[in-house]
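Structure first, then comments.
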Amino acid sequence: MFAFILRRLAVAIPTLLLLIVFSFVLMHLAPGGPFTGERALPPQVLANLEAQYGLNDPLWLQIWNYLVSVVIHFDFGPSFVYPDRTVNQLIANGFPVTLTYGGLSFLAAVILGVSLGVVAAIWHNSWVDYLAVGISIGAQVLPNFVMAPLLVLVFTLWYRWLPGGGWSFNDPSFSVMPVIALSTSYMASIARITRSSMLEVLGSNHIRTARAKGMPEHRVIIRHALKPAMLPVISYLGPVFVSMITGSVVIDIYFSTGGIGKAFVDSALNRDYAVMMGVTILVGALTILFNLIVDVLYAWIDPKIRY
Amino acid sequence: MTKLFATTALLTALAMPAFAVQPAEGETLAENQTYTYWLLDAIKSLDPALNTDVEGSDALRSLFEGLMTESATGEMIPGMAESHEVSDDGLTYTFTLREATWSNGDPVTADDFVFAWQRVVTPETASEYAWYIELMNIDNATAIIAGEMTPDQLGVAALDDRTLQVTLSAPTPYFLNTLSHATTYPVPRAVVEEHGQAWTQPANIVGNGAYTLASHNLGVEIVFQKNPAYWDAENVVMETVRGVTVNDTNVALTRYQAGELDRVQIPAGQFPRLSEQFPDQAVSVPQGCSYAYVLNLGETGPEALKDQRVREAMALSLNREVIVDQVLQGGQRAAYSWTHWAIDGFAAPEGGMQDMPMDQRLERARELLAEAGYGPDNPVRLQLQYNTDESHRLLAIAAQQFWRPLGIQVELNNVEWAVHTDRLQSGNFEVARYAWCADYNEASTFLDWFRTDGYNSGKWSNAEYDQLLADARTAEDTAPLYQRAEEILAEEVPAVFVYHYAKVDMINPAIKGLPRENLLNTWYAKDLYRVAE
């Protein structure tokens, strides 16, 4: 197992380097640049800007300089659009926010989704099942860009219970609506996957054996059914977790959280090369890491899997 | 640009002491003097040398003060400069600074201005607004930006701590009026040198304005607190000013209605409903921007557009009244001139197509197209390019519908913002949506755009037009020159003008002192106060 993890980490490094080079080239191929705006800049001013940010160098040299600064100094450079801040600062400000509401949403989605799925599978084809399936379909069809403004309308304007947006780490009320809006559709997917996987497991031989031995039903479910039923759920959760903690542009826009989901999309639209690279690398590294964790979890859950 | 500034008003204003708005009789101040305003997005920079956008300028006007500032009604009044003298040749200005301190207690000195202005033109600063120092005609600015001279050769010197001398390269009648712009604000040399680019962060920033920066959570909230060290602090009523970012205008409106914000922009199309429901809150005032479809007449442009008759037919048949009354619905006005109708001293030429009934205009358009060899059976085919935005899309669809029956087939081409501007600047378009906003309240801020060496993305060129604008810089009476320039634009149609902007906001009636007749919408937090409801 240890050797497996080492091997995977060794592959991760060239993967990330490729990702950096590839994104860098693609980004520079996109038309326009960080300094093209409604009014064209005087040529001399533009030249000074480009010199300052090293955009005059040949592309290979720019990539090389960037790699050196990222790998050796862990410095992602200054933002092109927010000149007062470095990319490291922007990520340090925005990522904890997304990590918080994304992490909470993940927990909410997993706990509620799995419970709903298990309950629906146990009382298969009863009203409990129909209700659970109904809830999860409802949650799935209501996209978060519809739900977000609705939540603000209800909880901020009508009931005045919650602030309509913004962020503070000291006040949990700011995270309530982002968590609801972000977690519901994931919760629905998790519930459906859990339900069908659970149904399959409950019909398998080892469960019949356990029941035949006279094991109480709750022990059958918890000790023998739940663990194998979680396998498809876990392979779904790996990428979901990364996409949740690296933010959602919809949540960031509607609730003005200052998270990095919006920063990522904005940086692409504004051609803020430095921020875009920084977030790409962050998301890439996290994706590689969590795919690895999922694989390790697999081996732990399913004794048949050995690396 | 000579007529730019009402000099008499300026001189009288200079003689008066600075004043802030005071509550009128019968008004009771609210206990809680907080003003919360809406920001569409994060503020990009709080460095006067690096700021480029309106939201940044709004914030900088609270944190800093230039040599001059503006009264609540938009007149120029002394800021950091107590008085000034101009040499006979108009090239040397000597300012005497008032006794004022930075928010850290250090005195504001002439050297802080020298440092700030030199910093803007230094190539390493990479200021996008370096051209502003050129616009001010400060001696050697252009050469320094080009790297041919060193920043210390800029025509600005501190004779002593409170005397600042500025040397211009040419007499510049509007010079004093450039001095309230954020790019010209002083910056504290010691603080900038100590912290480098991080000097604008809340823990480091030091200003000389009416407010200090209490906190700045990028993209969430920026909070200003009244600065007790400000020289005119006794006349500042508003204690706290908060700028809250809400990226979605509909959510912003909901939060306004929930009492979280005192001012928001009204989302497109909602003004009629809101002004009926909340007549004391929904406000539409002219905003100094014009919207147009620019036609590419350059080498890269399509053949059909080089025919003036085709361009005229496009202008005639675009039903702007439907666009402003049915689509935009927020007090915008149909545009038949490039200059915004509310610009100071500007009167649009009369007798143009705006006075013709629509059926006559359509008939004339058909004739022109037929003469040019086009019609419904042999249509002109064009690409209309616009950047991603719901209202641009609606307008483009409307234009498409107005032009199609005549035989002008436009294909809509939606691209993202960066691609749109890149294609405009490289001439890679046929018809493109464009808007221009006034930098100052005078017609040349618009008309300069179409000069042969102006921004002029469509590459239209007319010698008479260029001459008119050159003459206007020194003319006693510029109005007839600008009218003639607009007539030329109406005749030759280098662009189809669509509408003049309005700023459509919900404003909490308890907030007083926000200027409503200021076309550029500059406001100073120090002029605001909140009355008890």
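Observations on the structure shown:
- Dipole of the stretch B:140-217 [Lys/Arg +1, Asp/Glu -1 at C-beta], most positive-end residue of B:VAL206, B:THR150, B:VAL192: B:VAL206
- B:GLU491/B:THR452 FRET efficiency (R0 22 Å; Cβ-Cβ; nearest 0.05): 0.85
- Tensor-based shape of chain A (alpha-carbon gyration tensor, a/c under 1.5 rounded, otherwise prolate or oblate): oblate
- Computed with a 1.4 Å probe over protein heavy atoms only, the accessible area of A:TYR159 comes to about 130 Å².
- For the stretch B:396-440, the per residue solvent-accessible surface stands at 37 Å², with DNA, RNA and ligands left out and a 1.4 Å probe.
- For a straight C-alpha distance cut-off of 16 angstrom, the aspartates and glutamates reachable from B:LYS306 (same-chain residues fewer than eight places away being disregarded) are B:GLU371, B:GLU430, B:GLU491, B:GLU492.
- Delta accessible area of at least 50 Å² on complex formation, residues of the stretch B:108-128, 1.4 Å probe, chain isolated as reference: B:ALA126, B:GLU128
- Normalised contact order of the stretch A:44-88, rounded percent, pairs of Cα under 8 Å and 6 or more residues apart: 19
- Counting only protein heavy atoms and a 1.4 Å probe, chain A has 49 square angstrom of accessible area per residue.
- Contact surface A-B: accessible area buried, both sides summed, square angstrom, 1.4 angstrom probe: 4000
- Hydrodynamic radius by Kirkwood, which averages 1/r over all alpha carbon pairs of the stretch B:263-364, in angstrom: 16.2
- The amide H of B:LEU261, built 1.01 Å from its N in the peptide plane, has B:TYR256 as neighbours under 5 Å, considering only residues 5 or more places off or on other chains.
- Per-peptide average of other Cβ atoms within 10 Å, ordering A:86-92, B:59-65 highest first: B:59-65, A:86-92
- Note on the protein assembly as shown: antiparallel DSSP beta bridges, both residues inside, total approximately 75 percent of the bridges counted.
- Under 11 Å from the B:SER215 label point (7 Å along Cα→beta-carbon), backbone N, the stretch A:144-184: A:167-171
- Segments B:460-473, A:229-242 sorted - mean Cβ within 10 Å per residue, highest first: A:229-242, B:460-473
- Mean residue ellipticity at 222 nm, helices only, chain B: -7500 deg cm²/dmol; runs of at least 4 DSSP H residues each add -39,500 (n - 2.57), and the sum is divided by the number of residues.
- Protein-protein interface of the stretch A:6-55, residues with accessible area decrease of at least 40 Å², isolated chain reference, 1.4 Å probe: A:PRO31, A:THR36, A:GLU38, A:ARG39, A:ALA40, A:GLN44, A:VAL45, A:ASN48, A:LEU49, A:GLN52
- In plain terms, the chain from A:VAL141 to A:ASN170 could stretch by 7.1 nm, reckoned as 0.36 nm per residue minus the Cα-Cα distance.
- Interface residues of the stretch B:188-202, defined as a loss of at least 40 Å² in heavy-atom accessible area between the chain alone and the complex of all protein chains with a 1.4 Å probe, are B:GLN201.
- Efficiency of FRET between A:SER235 and B:GLU303 - r from beta-carbon atoms, R0 60 angstrom, step 0.05: 0.55
- Stretch gain in nm, segment B:THR522-B:GLN197, where the contour uses 0.36 nm per residue and the Cα spacing is subtracted: 114.3 nm
- Cα→Cβ-extended label distance, 7 Å offset, between A:LEU297 and A:ALA212, nm: 3.3
- Taking every C-alpha pair closer than 8 Å and separated by at least 6 residues, the mean separation divided by the residue count of chain B gives a relative contact order of 21 percent.
- The label point for A:LEU9 and the one for B:LEU29, both projected 7 Å from the Cα toward the Cβ, are 6.3 nm apart.
- Across the alpha-carbon atoms of chain B, the computed radius of gyration and Dmax are 24.6, 77 angstrom.
- A:ASN205-B:ALA190 FRET efficiency (beta carbon distance; Förster radius 60 Å; 0.05 resolution): 0.15
- Rolling a 1.4 Å probe over the protein heavy atoms of the protein assembly as shown, with every protein chain left in place, gives an accessible area that is 57 percent carbon and sulfur.
- Per-peptide packing, taken as the mean over residues of other Cβ atoms within 10 Å, places B:67-80, A:71-84 in the sequence B:67-80, A:71-84 from highest down.
- The label point for B:PHE278 and the one for A:GLN52, both projected 7 Å from the Cα toward the Cβ, are 4.0 nm apart.
- Placing +1 on each Lys and Arg Cβ and -1 on each Asp and Glu Cβ, with no other charges, gives the stretch A:93-230 a dipole about its Cα centre of roughly 520 debye.
- Degrees between helix A:43-52 axis and first principal axis of chain A (Cα, 0 to 90, nearest 10): 60
- Derived value for the protein assembly as shown: Kirkwood hydrodynamic radius 30.3 Å. Basis is the mean of 1/r over every pair of different alpha-carbon atoms.
- Average Cα contact separation per residue, the stretch A:1-139, under 8 Å, 6 or more apart, as relative contact order %: 10
- Residue by residue along B:65-78, Cβ atoms of other protein chains within 10 Å of the local Cβ number 0 on average.
- The stretch B:271-391, accessible area per residue, ligands and nucleic acids excluded (1.4 Å, Å²): 47
- For chain B, no complete DSSP H run has alpha carbons reaching 15 Å or more along its own long axis together with a mean Kyte-Doolittle score of 1.0 or higher.
The values are calculated or read from the model by the stated rules, or taken from the named source; none is laboratory data. Since the structure is predicted, the reported quantities are computational estimates derived from the model, not experimental observations. Neighbour counts run over all protein chains shown; Cβ positions are idealised from the backbone, glycine included. Ligands, DNA and RNA are excluded from the accessible area calculation, which covers all protein heavy atoms including side chains. Shrake-Rupley method; radii C 1.70, N 1.55, O 1.52, S 1.80 Å.
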